[in-house]
Amino acid sequence: MTLFMTFTVLGLVLGAVYAIAASGLVLTYNTSGIFNFAHGAQAMIGAFLYYQLQAVWGVPTIVSVALMLLVVGPLMGFLLHRFVMGGLRDTAEVTKIVVTVAILLGFVALSQWAWDPQEARMSKMFFGADSYVTVRGVTIRYHEIICLLAAAGIAVGLRLLFTRSRMGVLMRATVDDPDLLRLNGHDPERVAGLAWALGSTLAVLAGILITPVAGGALEANALTLLVIDAFAAALFGRLRSIPRTFVGAMVLGLTSTYLVAYAPSEWTWVTNLRDALPMIVLFVVLLVLPQDRLRGAAVRTRERYEVPTVRRAAVWAVVMVVATVAFRQLIDDSSVGTLILGLSFAIIALSLTVLTGYAGELNLAPVSFGAIATIVAFHSGISGTGLAARMNLVGLVAGVLAAAVTGALVALPALRLRGLYLALATLAFGGFVSSMVLRETQTRSWFGHDFAIFPNGNLIVSPLAVGPLDFADQNTFLYSAAAVFAVLGVGVVALRNSGYGRRLAAMKDSPAAAAMLGQRLVRLKLSVFMVSTAIAGLGGIFMSMALTSVTSEHFVYVLSLSLVMLTVVGGIGYVSGALFGGLLAGGGFTLVVGTFNELSIEHPVHAETFGILSHSFLVMTALVGIGVAQNPSGNFFEIFHGQRTLARAPEVRYTALAVTVLLYLLAYAEVIGTWTFGILVVVLWQALPALGRALRPDRLLSQDELAARAATPLELLGVDTPYPDRLGERLDRELGLPARHRQVTPVQSVVIAADHSSRPEEGVRHVTV
Amino acid sequence: MTSTELTAPVPAIDEDPVLELVGVRAAYGAIEVLKGVDLQVPAGSVVALLGPNGGGKTTTMKVVSGLMPTTAGEVWFAGRNVTGITATEASRLGVCSIPEGRGVFANLTVRENLWVATGTGARLADLEEAAYARFPRLADRRGQLAGSMSGGEQQMLALSRALGTDPAVLLLDELSMGLAPMIVSEMYDIVGGLAAEGISILVAEQFARVVLPIADTAALMLGGRVVKVGRPADVEDELSTTYLGG
Amino acid sequence: MSLSEVLLETSGVVVRFGGNTAVSDVGIDVRAGAVTGLIGPNGAGKTTLYNCITGMQRPNAGRIVFDGRDITRLSPGARARMGMARTFQRLELFLSLSVRDNVRVAGDIVRANTRRRVDVEAETDRVLELTGLTDIAHLDVSDIPTGRARVVEVARALMTQPRLLLLDEPASGQTEQETELFAQLLQGLADDGLAVCLVEHDLPLVMRLCSRIHVLDHGVLIASGTPAEVQASPAVVEAYIGAEVVA
């Protein structure tokens, strides 16, 4: 009985913290319509800052807590709403999700910058772990009592806020009908801003409370994933009801502790199961949620993509492979691996082009599907031993199929629901893979077969060998990866140009209209999700082969999220966007951060500067992601638009091509460095539309633009402006003259015009301005 | 019947209108709904905006209340050009708008609905007093969710906002929608009372006959334009043909 | 007026939202080879009834029979595959596709569903020609005027080779000339045997095109009959203009 009571108390405490986190999430989601994926990251930042104040700087506990809850939390929420969330109106759900994901990544990067992850930090309980009371043999620490009291206080406080305060009533009214709130003289944005301030504060509080409960060590990633736990709890209330969210949080907390207490001792995987519990609960709840009503798209969003023809895509595919071969000649052997990794990620990113760019759905854990594919390929497709071991085609195909089937299983419960739920289901799947599948390092009996899913936590993935192609040779691997990406890229474009692709576009643009034409939406979504996860699986296997040996660290959620974000930044509707996102996520980070590290070793004096640069590069990337709010179609949309105008002046393009070749030769001859070459080429092609307009205005500018450029003597500008009655009346009114409704006697036109062709029209007075 | 016959039917010449629309155009995406609306609401008068569905009445109301941006033209309010102001600003300037259908927050109680209405500066106590005095049924239901009340009671609650906040202009959109004729005429009695207190009222209504008795001026909207403005009696004659196509 | 077969029939349909009854005990029918009108003042329940017919709203009571089969509990997609098609009042076009692809994708969907070797290209050309959209087929659908966009929705619906076409305010946003062409198109479709149901505020158009008209008011069916009968009905006049208020 004492055991039961002890674990009940522990479960309630855990539930209490989940409840605090979840109520903040529900609050901001309902008042602003934005599901805040960075909620856990805010909790994490809160926990670290509190640690800094209280443990490092020695600020008294009570003062630290007050600072965190009264200043940091509200301020963080207010700033987020003011500068980021407010700009997300009229954007697709994908954009909203990606922006909060970028904030999440930014917070993680910031925290790792400020607090070295290698260093252990123990967060202490309030009043220490030794202050406790004992009730009937059950030990309850003061900290735990505080958690319970805080949750109870928040439950009561939110109830009072929503029913007894005008601001709370306004928050509920915003949920009901923001326009009607405006008609009542309120500003829904201000209400939402306050809700964000409150929601962030709740996140910060949850972050401070949970760390000692969950073991004491401050760990950025675990805290960031608190958003999944909170989300699972919030789903009990369908993301709407706060009381039911509290119930869900308690169910989650209690199940978690009972599992540890009562599971048979031979279930060694119970700890992992416990970590994965919120994700499992999430899937179960998704299964029982009722289907969304079919609604029209009605609002037009700001995202724009153009579809290239298959022929154009094929030309670019050849260009891309040739460029890869050419670029290989410039770099040393040690960098080839990075480039292969980048291309592997680009293949994974292609899965997002299909899924998100074409079908409007989101997968937040593409790399985790790559992990599944890798594991299956490893178990089914390695032949030979030692250095002679090779992956065969069977393994590759089996891995890809496994990813597709897993994709179907993950997506099935969420497909009936809105895109947000699918995004969350995939994020939860990513968490599940990390905390359960990749921790299956021991040999166990699986239906009579003894084997380990992820043996020793480290898979040696041998290179692929198909016929004459042997990926053990780096160059073969590189060119093959480029070719696979190029072929898949053309395939993806061909898919978009087929009837299937048009059906995807139709479903994305208006599910209601597509359904009323007879389209089976769930089936179509399922099929595209499978296609997408198959591609992600292929990319994942390539990635693992490029790394040779993979651990669970290589499949962390941050990597998936970075990839998703960078692909959206590049332009998720484009194959080139996938290339950009993949190269940057897979190769770019390693390259840039690595270069800065090397530089700091070479120039120890500036080590600190280079350290800052490399950290700020990571944070800047997140800022670019947040910038998606301003430019939701991605960077390539602008670039393509500019490049397309150059079609009318091909000589500009040929010149640029010649310059590129020249630069290449200079780099090949080692007159200029590879970096210099890369930067110059990027700058040249980026600036080309502007250069072209400056050099060939007659070809590239429209008639209007040319006319605007035509020299007009400055003194003539604005001399002859029509002066309608309306303006006269307004002038009269503002001067208080009673001339308004009198018959306007036509005033003698006062025309001082250089342009003699303009004739004063009837009833229009002309004056000098 | 209120004494409409005695007041001047045509917009007053010497006085500035409280509300004026000049060449207003507005569109939902590519669908242009208002194609140059000219309309005046003289101070203290009731203007009925009539016409079949799809003529642009509701959009006109949305433009005036600030919920819908214009693509061209101007909106003047009490001598100020207010084109492009937000609904929040408009309501604080004294434009009280009761939108089509549901003018209440369904998931808020009666009392909470009135509480939200204090956004324009009124006090909750005054609002409650005014509302419950006029509609005793609301007093009995002050703790009930607005969405669970009958359509008539919801409309009473919506109208209460106009009673307690002392607006300069009241915009009423399809007050009669979905209501039984008895309740509709009860509503318009109250609107007539507000008009007598000097509030300028613009009312969009399909049920021409319930609103014409209290209107000083009637304006007929067709295809996104005001096609006729005149005495209620004159406009009434045209209605049957306009609506049913002869 | 032809006495052709009844393709769609609703009986005793009731829809309640909270305390309000939006549609109460409504029974209408739509016949093949004719245009049937469904009219009524704002808030009369036309859209709600349409949503029941297309499956986007489940009625609290009543039955909807299409082609002799009870479809009350079928999904919108299943109804579409049985030969029901609709257009939308607030235009639900596929904004990332061209005019031609908007029409073509409906054929793609049919082909995927039936696995029949339909020549989608040829069918698209035929429908574009029929609806007079050939000259603007290459344009982005977001760049065309509303009047033409409404025709695109009809063309898209026709690609599914429906037997029942439900139109929701198709004339709004059309110029007089466009409406005239549109009326001819509808008449032609009906003459070819299609059942057309029309919710429309342009009553002169309704009166001209429809052989039968159902009038809803406050969720109740107050009149059914020929245009002349409906126009003469005092209940209809009252519904539209309001009863004389007795002082």
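The values are calculated or read from the model by the stated rules, or taken from the named source; none is laboratory data. All figures in this text were calculated on a predicted structure; none of them were measured in a lab. Cβ atoms come from the backbone with ideal geometry, glycine included; neighbour counts cover every protein chain shown.
Taking the conditions exactly as written (among the acidic types (D, E) and at the interface with chain A (Cβ under 10 Å from one of its Cβ atoms)), does C:D70 satisfy them or not? Judged against the criteria, C:D70 is not a match. Where helices (runs of 4 or more DSSP H) sit wholly within the range A:484-548, those with at least 2 residues that are under 24 Å from A:V400 (Cα atoms) occupy A:499-509, A:521-547. Of all residues in the range B:90-114, those being part of a loop (DSSP other than H, G, I, E, B) and either touching a strand residue (DSSP E or B) at 6+ places or on another chain (Cβ under 8 Å) or at pLDDT below 90 (or both) number 9.
Filtering C:L97, C:L38 for residues that are over 18 Å from the mean Cα position of the chain (by Cα) and hydrophobic (A, V, I, L, M, F, W, C) leaves a single hit, C:L97. So, of the residues in the range C:30-52 that are closer than 18 Å to C:V206 by Cβ and touching a Lys or Arg at 6+ places or on another chain (Cβ under 8 Å), which turns out to be farthest from the other protein chains (Cβ to nearest Cβ)? Only one residue fits best here, namely C:R31.
Quick one: would you say B:L220 is within 22 Å of B:L19 (Cβ to Cβ), within 14 Å of another protein chain (Cβ to nearest Cβ) and in a helix (DSSP H, G or I)? In short, no. Would the range A:128-141 turn up any residue that is among the hydrophobic types (A, V, I, L, M, F, W, C), within 14 Å of another protein chain (Cβ to nearest Cβ) and over 29 Å from A:Y51 (Cα atoms)? No: zero hits.
The single residue among A:V325, A:V354, A:V397 that is part of a helix (DSSP H, G or I) and without any contact (Cβ under 8 Å) to a residue 24 or more places away in the chain turns out to be A:V397. Taking the range B:78-89 as the range and being out of contact with any strand residue (DSSP E or B) (no Cβ under 6 Å at 6 or more places or on another chain) and more than 8 Å from chain A (Cβ to nearest Cβ) as the test, the residues that pass are B:R80, B:G84, B:I85, B:E89.
Taking residues in the range B:118-141 that are under 19 Å from B:Q154 (Cα atoms) and within 14 Å of chain A (Cβ to nearest Cβ), and partners anywhere that are basic (K, R) and not in a helix (DSSP H, G or I), the pairs with Cβ atoms closer than 8 Å and at least 6 places apart or on different chains are B:E128/B:R142.
Consider A:T95 carefully, then state whether it is touching a residue at least 24 places away in the same chain (Cβ under 8 Å) and part of a loop (DSSP other than H, G, I, E, B). For A:T95, the condition - touching a residue at least 24 places away in the same chain (Cβ under 8 Å) and part of a loop (DSSP other than H, G, I, E, B) - is not met. The range C:28-124 holds helices (runs of 4 or more DSSP H) entirely within its bounds, and those carrying 1 or more residues that are touching a residue at least 60 places away in the same chain (Cβ under 8 Å) map to C:46-54, C:76-81.
Of all positions in the range C:193-204, at least one carries a residue that is surrounded by fewer than 17 Cβ atoms within 10 Å (Cβ to Cβ), of a type outside the set (K, R), away from chain B (no Cβ under 13 Å) and more than 16 Å from C:G132 (Cβ to Cβ). When the residues of the range A:304-322 are filtered to those that are in contact (Cβ under 8 Å) with a residue 24 or more places away in the chain and more than 18 Å from A:G571 (Cβ to Cβ), the one that is surrounded by the fewest Cβ atoms within 10 Å (Cβ to Cβ) is A:V318. Here A:L478, A:L547, A:L538 are screened, and the one residue that is surrounded by fewer than 24 Cβ atoms within 10 Å (Cβ to Cβ) and modelled with pLDDT of 90 or more is A:L478. Across the range B:164-177, the number of residues qualifying as modelled with pLDDT of 85 or more and not in a loop (DSSP other than H, G, I, E, B) comes to 5. Of everything in the range C:128-162 that is within 30 Å of C:F66 (Cα to Cα) and in contact with a strand residue (DSSP E or B) (Cβ under 6 Å, 6 or more places away or on another chain), the residue that is nearest to the other protein chains (Cβ to nearest Cβ) is C:T160.
Can we say A:G157 is within 30 Å of B:V104 (Cα to Cα) and facing chain B (nearest Cβ under 10 Å)? No: the conditions fail for A:G157. For the range B:88-129, filtered to residues that are of a type in the set (G, A, S), under 19 Å from the mean Cα position of the chain (by Cα) and surrounded by fewer than 22 Cβ atoms within 10 Å (Cβ to Cβ), the residue that is nearest to C:N20 (Cα to Cα) is B:G101. Check A:G128, A:G87 and return the single one that is small (G, A, S) and either more than 30 Å from A:L422 (Cβ to Cβ) or at pLDDT 90 or above (or both). Result of the check over A:G128, A:G87: A:G128.
Within the range B:56-73, the set of residues being out of contact with any Pro (no Cβ under 9 Å at 6 or more places or on another chain) and at the interface with another protein chain (Cβ under 8 Å from one of its Cβ atoms) comprises just one member, B:G66.
Collect the residues in the range B:35-55 that are within 14 Å of chain C (Cβ to nearest Cβ) and closer than 13 Å to B:A218 by Cβ, keeping them in residue-number order. Across the range B:35-55, the qualifying residues are B:A48, B:L49, B:L50, B:G51. All told, A:N363 meets the bar of being in contact (Cβ under 8 Å) with a residue 24 or more places away in the chain, among the polar types (S, T, N, Q) and surrounded by 24 or more Cβ atoms within 10 Å (Cβ to Cβ). How many residues are free of Cβ contacts under 8 Å to residues at least 40 places away in the same chain and either more than 9 Å from every other protein chain (Cβ to nearest Cβ) or not small (G, A, S) (or both) if we restrict to the range B:175-217? Looking only at that region, the number is 15. Scanning the range B:21-32 for residues that are facing chain C (nearest Cβ under 8 Å) and in a strand (DSSP E or B) yields B:Y28, B:I31, B:E32. Just checking, does the range A:121-133 include any residue being touching a residue at least 60 places away in the same chain (Cβ under 8 Å), in a helix (DSSP H, G or I) and among the polar types (S, T, N, Q)? Among the residues of the range A:121-133, not one is touching a residue at least 60 places away in the same chain (Cβ under 8 Å), in a helix (DSSP H, G or I) and among the polar types (S, T, N, Q), which makes the answer no. Hey, does the range B:161-173 have a residue that's of a type in the set (D, E) and more than 14 Å from chain C (Cβ to nearest Cβ)? Yes, the range B:161-173 has at least one match.
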